Amino acid sequence: MTKRILIDAEYLEETRVVVTNENDIEDFDHETTTKKQNRGNLYLAKIARVEPSLQAAFVDYGNERHGFLAFSEIHPDYFQIPIADKENIINEEVSNIDENDILDENIEESESNNNSIKKTKTKIKFYHRYKIQEVIKKGQIVLVQVTKEERGNKGAALTTFVSLAGRYCVLMTNTIRKGGISRRITHSNDRKKLRSIIESLNVPNNMAVIIRTAGSKRSKVEIKRDYNFLNKTWEKIKKNTLKSVSPSLIHEENNIIKRGIRDLFTPEIEEIIVQGNEAFKAAKTYMKTLMPSKIKILKEYNEKTPLLQKYNIDTKLEKIHSPIATLKSGGYIVINQTEALVAVDVNSGKATKERNIEETALQTNKEAAEELAIQLRLRDLSGLIVVDFIDMLLSKNNRFIENILKQKLHSDRAKIQVGNISNFGLLEMSRQRLRPSIYEAEFITCNHCSGHGRIRSLESLTLKALHKIEKEATNYNDKSLSIKIPEETALHILNNKRKELSNIEEKRNIIINILPDPEMKYEEIIYENENTNDSKASINNKKDNANKNSSKTKRPYNKGKYKRHNAKNNENNESINQNESKNTNNESINNKNEDIIKKEKNTKIDIKKNSNNKKSSNKSLSSSEKKAKKSSTKEKKSDSLKKEDKVTEEKVKKNTKAAKPKKKGPIKKGWWNKLET
C-alpha cells in the first residue's frame, strides 16, 4: 500500500493535486487561473463605511466588492483612543488568561480563523466597553487578512488578527493570548515536550505560536526552522506595508503546489511525483527550506502518457462531477447542493444480497457512510449537510452508522460537527469551508433552466402562449395581430391548437399571425410586433390624458350656473334667428328683382301702344331724339334699382337684434310687393 502525492501542472490554466493510496483517491485539491483563492492573503485596506447597526465596517481592500470586518475582529491597536487606555485594556486581558490555556488549531487551517473563533469569552470582555462608531473612523488604514472568500452576493470576511501558517506551526503576529498546542495531540508526553519547545523559541510578548498536528512527532530543530521561516516572512510583510499605499496586496498565500505539500504531506507518503518543469522547480525549492531530508522523495514525471492517466485517477476524478456516487453492494447516494444546505439521499438500488430488509439497510448505510466521508473531501462540500439514511428499526444500528461516519471523518482537515440520526432517519452535520466547492469552481448556471435543472413542458408553454395571445388580442385595436413565438411552441400551436386560435379570432374579430422565431429562448416571453406596441402606446396615452383631465381641480359650486346655461342657450337662439333673418332678406331682394322685371315689360308694352297710336305724329321726329329717349329710360331704371338696394341695406343694419323664430308659410303682402303705378 504505497501512498503518493501526484501533482499535475502540465497546463498553466489548471493545477491538480491528488493524494492516492494505491488506486484509491484519499484527498484532492485543485486551482484554476480564472478563480484564484484569496484566502490567507494580506491587504493594506481602507475603511469605506462604518455600520453601527451591524457593529461592523466595510473595507476597501482592492476588490470589486468591499470586505466585511466585524468589530470583534479589530485589534485594539487600531482604536482611536488614548494610548494609556489601550495599554490598560491589554494588561487586564493578559492577566485574565491562564498559563495552561490551550488554543485549538482548527484542524490544519488555523492560519485563517484560529485566533477569531476560540476566544469568544475574552472578546466579549474586551469589546463591551466601546462601540465601533466611537473608536473606528471612515478612511482609516488597516492591515487585514482574508478569512472567508467571496461567495455569491456576500463579500469576503476579514480580520486584523494576522496569522501565518507553516508546516509544523502557526505564527500569530498580533495576539493577546499565549501560544498553545493542537487539541488533536492528545498524548500527555507529546504535549509536555512541545510545551518546552515553545518556551525555548523566545517568542515576543505580542506574538504567539501554535503547534500543528503535523509537528507532534517533530524535533526541536525542525519546529525552530519553521518558526524562523515564518518570522522572516512577517518582517518582509512589515517592510512592504510601510512602502505601499492602500488598497494593495501585501502578502500572497502560498500557491497550490506549496500549499499541497505543506498541508497534505504526511510521514506515510513515499513519493511526490510532479508533472511540469516549473512546478517541479517550485516544489524543490520549497522542500529545501522546510524538509531538506525529504527531498529524495520528490520526482519529476517526463513520460508520454499523462500522469493521472497512468495511475487510473483521471476517470475517477470525472465521477466527482456527477451528483450520483455508486456503492459496492449496488446502492448509490445522490448529492444535491442547494442555497441553504447540501442534501444527501441514500438508496439501496440493486442491493439484494442480504437476507432481510434490516440487514440490507444496515449494509447499504454502512457503505454510504464510508463513501460520504470521501465525497465530502473530494467535492469540498461545506456548510449544513443533511443525510437521509435508509430507515432502520433497531437503534443500535443507528449508533453503529454514526460511529463509522465519525471514524471516517476523523482524518478530514476541515472542522466537522456530527449529530445523531433522528426518528425520521436524518443525520445533520456541519463542515468547515476550506475552499470553493467543485460546483462553484467548475460549473456555471444553465442558460436554459437557470440552474433549476428542469424546464417547462411543451404543452405548458403552448397554453402559456395562448393565454398571452388572448390577452394581447383584447387590448388590440387593429384588424390583424402578428406575434413572435419560439419555434417549437409556434409549430405546436399551428399544428395542434388551430381551434383555439380560431375561437380567439372569432371572439375578438381579429386576424392572428404567428411568426416562429428560432433565435428566441425556449421559455422566453412572447414578443409583440411594433404595431401592437404602437396600439398599446396609443391606448396608454388616452388613459394618461383622461387621468390628467380628471386630476384637474374642479370649479367651485355656483348658484347661478343654471342662469349661465340659459344665457348660453339664448346666445345660440340669437345666432339661429340671425341666420333666418338673413334668409328672409335674401328672399325679399329676389322678389323685388322679379317685380322690377315685370314693370319693365309693362312699360315696353305701353310704349309700343303709344308708338302705334302716334305713328303719324312721330314720323317727323328725328332718329336722334329716339335715341335720347331710350337712354333716359335706361338711366331712370338704374337709378331706381340703386335706391332700392340702399333701402334694403339700411333695413338689414337696423334688424341686427335677435328676433323670435317665425313659422314658415306664404309670403305676406307689404309695401315691397305693391306694384308701382
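The values are calculated or read from the model by the stated rules, or taken from the named source; none is laboratory data. Predicted model only: the values in this text are computed from it and were never measured. Backbone-built Cβ (ideal geometry, glycine too); neighbour counts: all protein chains shown.
Overview of results
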| read-out | value |
| --- | --- |
| Options A473, A465, A441: the member that is of a type in the set (G, A, S), farther than 19 Å from A368 by Cβ and in contact with a Ser or Thr (Cβ under 6 Å, 6 or more places away or on another chain) | A465 |
| Candidates E339, E371 - the one that is without any contact (Cβ under 8 Å) to a residue 40 or more places away in the chain and charged (D, E, K, R) | E339 |
| Test: residue in the range 119-130 that is of a type in the set (A, V, I, L, M) and modelled with pLDDT under 85 | yes |
| Enumeration of residues in the range 188-239 that are in a loop (DSSP other than H, G, I, E, B) and free of Cβ contacts under 8 Å to residues at least 40 places away in the same chain | L201, N202, V203, P204, N205, N206, M207, S216, S219 |
| Cβ pairs under 7 Å, 6+ apart, first in the range 5-21 and over 17 Å from D263 (Cα atoms) and at pLDDT below 85, second of a type in the set (V, I, T) and assigned to a strand (DSSP E or B) | E13/T32; E14/T32 |
| Selected residue (criterion: surrounded by the most Cβ atoms within 10 Å (Cβ to Cβ)) from residues of the range 390-409 that are of a type outside the set (D, E, K, R), in contact with a strand residue (DSSP E or B) (Cβ under 9 Å, 6 or more places away or on another chain) and within 23 Å of N21 (Cα to Cα) | L405 |
| Candidate set: the range 316-331, residues that are under 15 Å from L376 (Cβ atoms) and in contact with a Phe, Trp or Tyr (Cβ under 9 Å, 6 or more places away or on another chain); chosen: the one surrounded by the fewest Cβ atoms within 10 Å (Cβ to Cβ) | I320 |
| Selected residue (only one of I185, I176 is assigned to a loop (DSSP other than H, G, I, E, B), among the hydrophobic types (A, V, I, L, M, F, W, C), over 28 Å from Y286 (Cβ atoms) and modelled with pLDDT under 85) | I176 |
| Residue match in the range 64-82 (condition: within 30 Å of K192 (Cα to Cα), of a type in the set (A, V, I, L, M), at pLDDT below 85 and assigned to a loop (DSSP other than H, G, I, E, B)) | no |
| Scope the range 33-56; condition under 15 Å from R259 (Cβ atoms), at pLDDT 80 or above and not basic (K, R); matching residues | N38, G40, N41 |
| Every residue from the range 22-39 that is free of Cβ contacts under 8 Å to residues at least 12 places away in the same chain and either surrounded by 15 or more Cβ atoms within 10 Å (Cβ to Cβ) or within 22 Å of Q145 (Cα to Cα) (or both) | K36 |
| Residue check, L362 over 40 Å from the mean Cα position of the chain (by Cα), surrounded by 15 or more Cβ atoms within 10 Å (Cβ to Cβ) and hydrophobic (A, V, I, L, M, F, W, C) | yes |
| Of all residues in the range 297-315 being surrounded by 17 or more Cβ atoms within 10 Å (Cβ to Cβ) and among the hydrophobic types (A, V, I, L, M, F, W, C), the one that is farthest from K284 (Cα to Cα) | I313 |
| Selected residue [surrounded by fewer than 20 Cβ atoms within 10 Å (Cβ to Cβ) and in contact with a Gly (Cβ under 8 Å, 6 or more places away or on another chain)] from F265, F229 | F229 |
| Tally, over the range 378-423, of residues that are of a type in the set (D, E, K, R) and either free of Cβ contacts under 8 Å to residues at least 24 places away in the same chain or closer than 30 Å to D314 by Cβ (or both) | 8 |
| Every residue from the range 446-480 that is under 30 Å from E339 (Cβ atoms) and in a loop (DSSP other than H, G, I, E, B) | C446, N447, H448, C449, S450, G451, H452, G453, R454, I455, R456, S457 |
| From L143, L158, L194, residue being farther than 28 Å from F265 by Cβ and in contact with a Gly (Cβ under 9 Å, 6 or more places away or on another chain) | L158 |
| Counted residues, the range 410-440 - those being within 18 Å of D27 (Cβ to Cβ), touching an Asp or Glu at 6+ places or on another chain (Cβ under 9 Å) and surrounded by fewer than 16 Cβ atoms within 10 Å (Cβ to Cβ) | 1 |
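So that you can scan it fast, the table gives a plain yes or no per residue for (1) in contact (Cβ under 8 Å) with a residue 24 or more places away in the chain; (2) over 37 Å from the mean Cα position of the chain (by Cα):
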residue: N255; (1), (2): yes, no
residue: L264; (1), (2): yes, yes
residue: I269; (1), (2): yes, yes
residue: I295; (1), (2): no, yes
residue: K310; (1), (2): no, yes
